[in-house]
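Heads up, the thing below is written out as structure tokens.
FYI, it's all coordinate maths here, none of it is from the lab. Nothing here was measured: the structure is a model prediction, and the numbers come from that model. Note: ideal-geometry Cβ built from the backbone for every residue, glycine included; neighbour counts use all protein chains shown.
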């Protein structure tokens with residue numbers, strides 16, 4: 001312990017020094033140390049929270065002066081939390097990262113009634129609907145606090161959603177009574193994290209309040225774009241090498257097929273390609289005797305261009321054009337006959 005620390009503790013009562021020593025041990029045992037606000041939390045509920053957090057997270061409540069002394073003795077950045085120790089607070093230690101600690105504390109909060117004189121944390125709204133209350137003075141109490149209420153169908157109804165107090169306003173005794181009668185609990189009770197230090201870095205609550213799903217989605221998007229960039233730039237990494245090899249293999253295979261390279265791995269695809277070409281030719285041959293049996297029923301697939309030209313010729317075609325087309329067809333028949341004879345020779 002430094003000389004300065006010894007001077008600070010020279011006249012400190014023994015019980016206080018023991019408390020400081022215990023606090024120092026707690027601060028030194030965890031990776032993340034924070035200060036939490038415990039204002040307004042009933043003692044019984046606070047004990048339940050402490051049990052729920054333990055042993056992964058430890059909550060310790062002590063005198064503010066002793067908390068500051070312990071933080072100053074440990075140092076290493078945690079002394080910055082001393083400025084957050086004011087009012088009813090405690091220190092909290094955990095080996096979780098600050099973001100996990102913040103989410104854990106937020107998830108542990110529970111709804112609670114609000115009392116007269118307290119400040120509304122959010123807008124207090126009495127929703128439209130049947131209150132279940134029998135007709136009586138309560139309808140007047142609702143109206144007095146600003147709710148649109150009337151007797152309807154034998155009970156008291158709130159006729160529309162009514163904001164009876166805006167966030168930051170002080171709760172009156174009348175409003176606290178009305179909310180209690182309706183069972184409305186407009187505030188949350190829990191440990192509010194004022195700040196946390198992890199690895200010497202101070203985190204404020206607003207730094208930790210992030211949408212985890214959106215953050216993960218952004219990380220996944222960035223990773224996917226980086227992967228695509230690596231693949232498109234042919235930059236090999238452990239994550240992209242397999243994809244690059246598969247891409248190169250596919251491109252090499254495509255070149256081999258286009259160039260008709262007689263490679264053992266390409267032969268099945270080359271044969272399939274040649275078969276498709278033969279069938280395409282056979283589909284245009286009308287003389288079935290010139291074709292082998294397996295090719296006699298092959299039909300040529302219709303193309304958009306051929307269909308369009310057929311439609312146009314059917315709609316309008318001068319008589320002279322028809323005669324010219326008939327002459328061309330005769331010449332085509334002779335050419336197809338020659339082609340059929342040649343193909344017949346190929347297939348025996």
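For the reader, a short list of remarks on this structure follows.
- If the segment from residue 82 to residue 216 were pulled out straight at 0.36 nm per residue, it would be longer than the present Cα-Cα gap by 44.9 nm.
- Alpha carbon centroid spacing (whole Å) that separates region 256-281 from region 120-147: 82 Å
- Least to most buried among 231, 35 (fewest other Cβ within 10 Å first): 231, 35
- Separation in nanometres of the label points that stand 7 Å from Cα toward Cβ, at residue 107 and residue 58: 2.3 nm
- From least to most packed, judged by other beta carbons within 10 angstrom and beginning with the fewest, 216, 142 follow the order 216, 142.
- Simple spin-label estimate for residue 246 and residue 65 gives 6.9 nm between the two label positions (7 Å along the Cα-to-Cβ direction from each Cα).
- Förster-model FRET efficiency, 51 Å R0, residue 181 and residue 204, C-beta, rounded to 0.05: 0.85
- Dividing the mean sequence gap of close Cα pairs (under 8 Å, 6+ apart) by how many residues region 1-124 holds gives a relative contact order of 33 percent.
- Gyration tensor (alpha-carbon) shape descriptor, region 115-207, a/c threshold 1.5: prolate
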